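J.: Sharing a structure below in structure tokens format, with a few things to ask.
The values are calculated or read from the model by the stated rules, or taken from the named source; none is laboratory data. From a predicted model like this one, the values you see are computed outputs, not experimental measurements. Every residue, glycine among them, receives a Cβ derived from its backbone with ideal geometry; neighbour counts consider all protein chains shown.
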Amino acid sequence: MAVQQQIPNLVLQFFDTYAEAVLVANASADIVYVNKTFCRLTQFDSKEVLGLKEKHIFKVKINYHLVESLKVTHWESGVATKSGDQLWVKVSSSPLIYNNEELTVFTLVENPSIEQLKGLLKESENRFASLADASPVMIWMTDQDNLCYYFNKSWLDFTGQKFEDEVGTGWLQRVHEKDLANFNSVTEQLNNHEGYSLEYRLRRRDGAYRNILEIGTPRLLPDGTFAGYMGSCLDITEFKAVQNELANYTEELKRSNEELEQFAYVASHDMQEPLRMIASYVQLIKRSIESGKPTDELFDFMKFVLDGVSRMQLLINDLLQFSRLNKKGIPFTEVDLNEVVKVAITNLTNRIADNNAVVTYTPMPIVNGDVSQLTRLIQNLVDNAIKFKSAERTPEISISVKEREIDYVISVRDNGIGIENKFYNRIFVIFQRLHTRNEYEGTGIGLAVCRKIVERHGGEIWVESEFGKGSCFNFSIKK
């Protein structure tokens with residue numbers, strides 16, 4: 001027994017307990033021993049293997065003599081089986097000296113077969129798909145060219161599309177056309193294979209566009225090679241609505257505080273002045289009556305008192321009207337601005353006639369809004385144009401409209417005295433006057449009311465003017 005002569009029985013018994021396949025070769029590369037695991041793995045009987053050369057067993061991709069000459073101790077090799085198949089194994093070799101003879105012990109660990117690997121990969125993919133489809137978050141994956149090849153169930157449920165409609169760049173058809181340019185903002189991250197976040201609107205299966213937060217993470221292979229992106233999309237529409245509402249509330253609170261400061265100023269200045277005048281003339285009337293010598297001056301004093309009372313009433317009424325604009329008012333409905341302009345002009349019939357004014361307007365659009373507030377807005381702007389007429393010419397006022405992408409701009413143009421550009425912002429502040437009461441009537445609240453109404457309708461108001469030649473007040477209103 002060649003094997004028995006070269007290797008002690010104790011060693012052979014030890015090798016037979018190995019879970020790994022073991023074979024032993026002598027210095028001449030002859031196989032002198034294989035354990036039970038090797039026979040089970042290859043289906044060979046030990047007698048069929050003993051005496052063969054190592055190179056008959058190991059079918060390495062490179063010539064076996066290279067393994068031999070390089071003294072490699074770990075490598076991968078194919079091993080022939082009795083049925084003619086080939087098993088891929090990891091091989092480790094180590095020397096064994098017995099009775100001054102050098103032997104080599106080979107330990108073989110089976111590599112998973114391609115079919116086994118496919119099975120493991122399939123199981124992993126199924127596990128991932130199950131987890132991804134159970135997620136309420138929309139999940140997608142791209143290849144190295146950033147073309148999408150995977151969408152989870154949440155994505156398909158959201159868009160209502162079939163998988164084949166979304167792959168590649170098909171999903172982009174669901175992105176709002178005005179948000180496609182947003183993807184340019186992450187071009188650098190995509191080119192550098194870096195993580196990114198992005199917001200855009202995506203069309204839901206019911207046709208409504210929803211705000212989406214997308215987060216993309218690069219996928220890298222073990223060697224660092226870029227394999228594509230894996231990303232998630234979250235519907236943040238409600239969050240954005242709350243965020244916008246909070247921002248609007250904060251802005252409204254800021255404006256409210258500013259208005260409170262303005263009210264305080266009015267209370268301490270504008271209202272105090274007529275009150276002081278009233279108190280002063282009441283004292284004069286009292287003294288006149290007490291003296292028992294009423295004179296014609298008494299009637300003048302009474303006239304000044306009544307004038308002061310009238311100014312106080314006007315200030316209080318204007319303050320009440322302005323404060324009511326802080327309330328939401330009636331719900332918005334469909335409003336024909338043609339009818340609004342007609343009513344506003346009708347309300348100013350006497351004023352227009354007294355000043356020989358000419359008011360014209362072009363066809364107006366239909367919008368959503370508060371009809372009473374929009375009527376007051378137009379009426380205030382036309383009345384303002386008449387009030388600040390030029391002494392050199394008959395008032396001419398034209399009302400026109402310009403359509404833009406998301407809104408309309410309504411313009412009220414006059415040929416009055418005009419406004420210096422340094423006063424453009426001041427005129428929309430409550431009780432801010434550019435002229436004395438002797439020059440022009442009013443409390444300085446009309447344009448502040450206009451600004452408040454426009455802001456409630458989600459628009460802006462501004463003025464363009466050339467001093468001495470006229471002004472054009474513009475306001476925007478959403479379609």
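J.: Please find, among V309, V367, the residue that is on the phi < 0 side of the Ramachandran plot and at pLDDT 90 or above.
T.: V367
J.: Related question: Counting just the residues of segment 144-155 that are part of a helix (DSSP H, G or I) and either of a type in the set (A, V, I, L, M) or in contact with a strand residue (DSSP E or B) (Cβ under 8 Å, 6 or more places away or on another chain) (or both), which one comes out farthest from N191 (Cα to Cα)?
T.: Restricting to residues being part of a helix (DSSP H, G or I) and either of a type in the set (A, V, I, L, M) or in contact with a strand residue (DSSP E or B) (Cβ under 8 Å, 6 or more places away or on another chain) (or both), the top hit is S154.
J.: Do we find that E68 is in a strand (DSSP E or B), surrounded by 11 or more Cβ atoms within 10 Å (Cβ to Cβ) and modelled with pLDDT under 80 in this structure?
T.: Here the answer is no, as E68 does not meet what is asked.
J.: Also: On the basis of being under 60 Å from the mean Cα position of the chain (by Cα), modelled with pLDDT of 85 or more and under 16 Å from F106 (Cβ atoms), does E20 make the cut?
T.: yes
J.: In addition: How do the strands (runs of 3 or more DSSP E) wholly within segment 404-479 filter down when requiring 3 or more residues that are touching a Cys at 6+ places or on another chain (Cβ under 8 Å) and modelled with pLDDT of 85 or more: which remain?
T.: Qualifying strands (runs of 3 or more DSSP E): 407-413, 461-466.
J.: Could you list all residues from segment 313-344 that are buried (at least 17 other Cβ atoms within 10 Å of the Cβ) and at pLDDT below 75?
T.: Passing the criteria: L315, D318, L319, F322, L325.
J.: In this structure, is I410 of a type outside the set (D, E, K, R) and over 39 Å from the mean Cα position of the chain (by Cα)?
T.: Criteria not met by I410.
J.: Here is a further query. If you go through segment 383-399 one residue at a time, do you hit one that is assigned to a strand (DSSP E or B), surrounded by fewer than 19 Cβ atoms within 10 Å (Cβ to Cβ) and among the polar types (S, T, N, Q)?
T.: For segment 383-399, residues assigned to a strand (DSSP E or B), surrounded by fewer than 19 Cβ atoms within 10 Å (Cβ to Cβ) and among the polar types (S, T, N, Q): present.
J.: Please give the number of the condition R205 fails out of (1) of a type outside the set (V, I, T); (2) closer than 21 Å to K153 by Cβ; (3) touching a residue at least 24 places away in the same chain (Cβ under 8 Å); (4) surrounded by 16 or more Cβ atoms within 10 Å (Cβ to Cβ).
T.: (4)
J.: Look at S130 and say whether it is more than 21 Å from P218 (Cα to Cα) and among the hydroxyl-bearing types (S, T, Y).
T.: So S130 fits the description; yes.
J.: Going through segment 156-167 one residue at a time, which ones are under 12 Å from W140 (Cβ atoms) and either of a type outside the set (D, E, K, R) or not in a helix (DSSP H, G or I) (or both)?
T.: Listed by number, the residues that qualify are L156, F158, T159, F163, V167.
J.: Going by the conditions given, is N368 in a loop (DSSP other than H, G, I, E, B) and surrounded by fewer than 16 Cβ atoms within 10 Å (Cβ to Cβ)?
T.: No.
J.: Any residue at all in segment 210-225 that is in the same structural domain as Q189 (by TED's automatic domain parsing), within 15 Å of S154 (Cβ to Cβ), basic (K, R) and outside any loop (DSSP other than H, G, I, E, B)?
T.: yes
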